[in-house]
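The values are calculated or read from the model by the stated rules, or taken from the named source; none is laboratory data. Small disclaimer: the values here were computed from a predicted structure and weren't measured. Here the Cβ positions follow ideal geometry from the backbone for every residue, glycine too, while neighbour counts run over all protein chains shown. Ligands, DNA and RNA are stripped out before the accessible areas are found, and what is left, the full protein with its side chains, is counted by its heavy atoms. Shrake-Rupley method; radii C 1.70, N 1.55, O 1.52, S 1.80 Å.
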Amino acid sequence: MSLPRTPRHRLVGGASALALLTALGIAVVSPSGPPSAPDGDRPPVSGIGPLPWPQDGQSAVELEGSGSLGERGGRQPVPIASLAKVMTAYVVLDGHPLRPDEEGPLIEVDRQAAHEAGVGGESTVPVRAGERHSQRRLLELLLIPSGNNVARLLARWDSGSQEAFVVKMRRAAERLGMRDTVYTGASGIEPTTTSTAADQVRLARAAMKDPVFRAIVSTREITVPGLGTISNTNPLLGTPGVLGVKTGSSTPAGGNLLWACEVRVGGTPRLLVGAVLHQRANTTPVEGLRAAVDASRGLLTAVRDGLASAGTEGRGR
């Protein structure tokens, strides 16, 4: 689905100060930095003017090597829908790592995954019982078209049951310091799977270190025999420098987008990661996702324009 671009935003002053702080290695605000402001928002990096934060929901942005660029909307956990699949992929790859050129073991589609295809209005992938797909292919079907039935299939393959896999998801969240996150399923369809923008940024930083995960979420489309061409649900792909990560939308969750973009600071490539959650909740998934994409595009554009204005080659790759 093609979504309209929002107007470009610029940082209001202080962009050159950010570049100097980063280049000189001067300490900036980190995710565990100063206490939150009275309204629950976290102040931005010293020297940066306000970013164009969305008014709805919550959001957070972090720049590799510099720390938090700020948060908006507090840290009350909210439903995250299919952003849960980032943790699903992270846990699968942690237990069954793949080399960049490796497809991994073949996994047989069970009857449950086949039955769930197209049932209940969920986001699913049409697979048939008895088919065998490589681990990498199933990770692609998990993350690119966002197959809920594939998420649960991978959970059963990894742990024997979705319930046992959820225990692994929760343990991984605890290890990563995601204190405000609770997983109750592998797909995110359950509104009881909740998190915060800050926690999702933390997860994205960890997941993007895996080259297989990084390659999959940056792929705009794949061609699967028997299924044809499948497009990525992330409309930000194709924007210069954007490397993924994942969309998620439902009526209770609203629109959610976890994104990563490569920028350059002083000639060095760095990862800019952001999360925008709970946009237009209780409207429609389409409306919520549109708002999340627009807000995310505004935030990443503002940071990149600010870096470019400061002469730090902030235009990405």
Residue pairs meeting the criteria (Cβ under 7 Å; at least 6 apart or on separate chains; first of a type in the set (D, E, K, R), in the stretch 209-232; second open to solvent by 20 Å² or more (accessible area, probe 1.4 Å)):
ARG220/SER231; ARG220/ASN232; ARG220/GLY238; GLU221/THR229; GLU221/ILE230; GLU221/SER231; GLU221/ASN232
Under 7 Å between Cβ atoms, at least 6 apart or on separate chains: pull out the pairs that start in the stretch 258-271 with a residue that is modelled with pLDDT of 95 or more and end on any residue that is part of a strand (DSSP E or B) and of a type in the set (S, T, N, Q).
none
Single match in ALA215, ALA204 (criterion: among the small types (Gly, Ala, Ser), over 23 Å from SER161 (Cα atoms) and within 13 Å of the chain's Cα centre (by Cα))
ALA204
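Of the residues THR239, THR247, THR193, which is under 21 Å from GLN76 (Cβ atoms) and either touching a residue at least 40 places away in the same chain (Cβ under 8 Å) or hydrophobic (A, V, I, L, M, F, W, C) (or both)?
Details: THR239 fails: under 21 Å from GLN76 (Cβ atoms); THR247 fails: under 21 Å from GLN76 (Cβ atoms).
None of the other options fit; the residue is THR193.
Would you check if VAL212 is assigned to a helix (DSSP H, G or I), among the aliphatic types (A, V, I, L, M) and in contact with a strand residue (DSSP E or B) (Cβ under 8 Å, 6 or more places away or on another chain)?
On the way: assigned to a helix (DSSP H, G or I): yes; among the aliphatic types (A, V, I, L, M): yes; in contact with a strand residue (DSSP E or B) (Cβ under 8 Å, 6 or more places away or on another chain): no.
Answer is no for this residue.
Do we find that ARG290 is at pLDDT 85 or above and of a type in the set (D, E, K, R) in this structure?
Working: at pLDDT 85 or above: yes; of a type in the set (D, E, K, R): yes.
Considered against the rule, which asks whether it is at pLDDT 85 or above and of a type in the set (D, E, K, R), ARG290 comes out as yes.
Are there any strands (runs of 3 or more DSSP E) wholly within the stretch 45-121 with 1 or more residues that are crowded, with 24+ Cβ neighbours inside 10 Å, and if so which? Can you show your working first?
Working: elements: 58-63, 67-72, 106-108.
By residue number, 58-63, 67-72.
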When you scan the stretch 152-166, do you find a residue that is under 18 Å from the mean Cα position of the chain (by Cα) and modelled with pLDDT of 95 or more, even just one?
no
